[in-house]
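Notes to accompany the following structure.
The values are calculated or read from the model by the stated rules, or taken from the named source; none is laboratory data. Values in this document were obtained by computation on a predicted structure and should not be read as measured data. Positions of Cβ are backbone-derived with ideal geometry, glycine not excepted, and every protein chain shown enters the neighbour counts. These accessible areas exclude ligands, DNA and RNA; they are computed on the full protein's heavy atoms, side chains included. Shrake-Rupley method; radii C 1.70, N 1.55, O 1.52, S 1.80 Å.
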Amino acid sequence: MPVPQSRGLVPRSLLRENAYQAIRDAIVDGTLAPGERLNDGELAEWLGVSRTPVREALARLEQAGLVRTRPGRYTIVSPLDVRAVRAAQSVTAAMHELAVREALPNLTGAELDAMRQANARFADALRRDDVDAAIAADDDFHGVPVTASANDAVRTVLEQFTPVLRRLERLRFSSLSGRGSVAQHDQIIALCEAGDVDGAAAATRANWGTLVPLLDTLPTEES
């Protein structure tokens with residue numbers, strides 16, 4: 001019988017996105033360590049895809065600052081460099097502040113409850129020293145106002161720069177330095193519930209600013 005032409009095919013856009021997410025997550029969680037050389041053939045074999053979506057994913061990851069390429073020489077996982085992370089922190093904090101400002105006037109009770117539930121999961125994950133769960137819950141917490149803001153530009157910028165910070169946050173949430181975020185999240189919720197736009201925006205920026213002390217532990221690369 002004739003074999004259908006579409007059998008077993010996966011849309012190229014999905015392959016590209018899946019490859020990007022898989023490699024990105026492996027970099028963020030440390031499976032692919034800073035400075036590690038990346039071979040597109042080995043990555044393609046690992047992911048079960050052709051080299052094309054892997055190469056496209058690596059190009060996106062280079063734009064995000066997670067991968068560094070020297071054409072014809074090597075592709076490596078970018079080291080954690082203080083200048084790159086500081087830039088990502090500044091931009092990310094500003095975007096989350098803007099999201100809260102735009103979302104708060106129309107933030108619903110259900111959305112506030114979602115933030116409370118995410119913070120409860122966050123606190124529980126920290127108590128259990130589950131870094132992956134803490135990061136996921138923190139993403140969920142801050143994702144509520146980002147979604148409520150309905151600002152696609154904010155979401156696009158955050159998708160590019162947040163992974164750079166998540167590598168640093170793994171250090172933070174694996175230590176006592178992350179515990180204060182639970183109370184900061186509670187304060188953000190209270191200010192949002194009170195309709196205090198300026199206060200909630202400032203508290204959100206301050207929450208993301210708690211990453212700054214960790215920047216002093218990172219190396220500054222030579223020019």
Original post:
So, in the range 66-103, of the ones that are touching a residue at least 40 places away in the same chain (Cβ under 8 Å) and part of a strand (DSSP E or B), which residue ends up farthest from the chain's Cα centre (by Cα)?
Top reply: Ile76
Subject >> Within the range 190-207, considering residues that are open to solvent by 50 Å² or more (accessible area, probe 1.4 Å) and among the aliphatic types (A, V, I, L, M), the one nearest to the chain's Cα centre (by Cα) >> reply: Ala206
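Against the condition surrounded by 18 or more Cβ atoms within 10 Å (Cβ to Cβ), farther than 20 Å from Ile135 by Cα and of a type in the set (S, T, N, Q), how does Thr75 come out, does it pass?
Taking the combined requirement at face value, the residue satisfies it.
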**OP:** For the range 119-149, name all the residues that are under 25 Å from Thr108 (Cα atoms), without any contact (Cβ under 8 Å) to a residue 40 or more places away in the chain and of a type outside the set (Val, Ile, Thr).
**Re:** Ala120, Arg121, Asp124, Ala136, Ala137, Asp139, Asp140, Gly143
Original post:
Before we move on, is Asp113 assigned to a helix (DSSP H, G or I) and modelled with pLDDT under 95?
Top reply: no
Subject >> Given (1) at pLDDT below 90; (2) open to solvent by 20 Å² or more (accessible area, probe 1.4 Å), number of the condition Asp81 does not satisfy >> reply: (2)
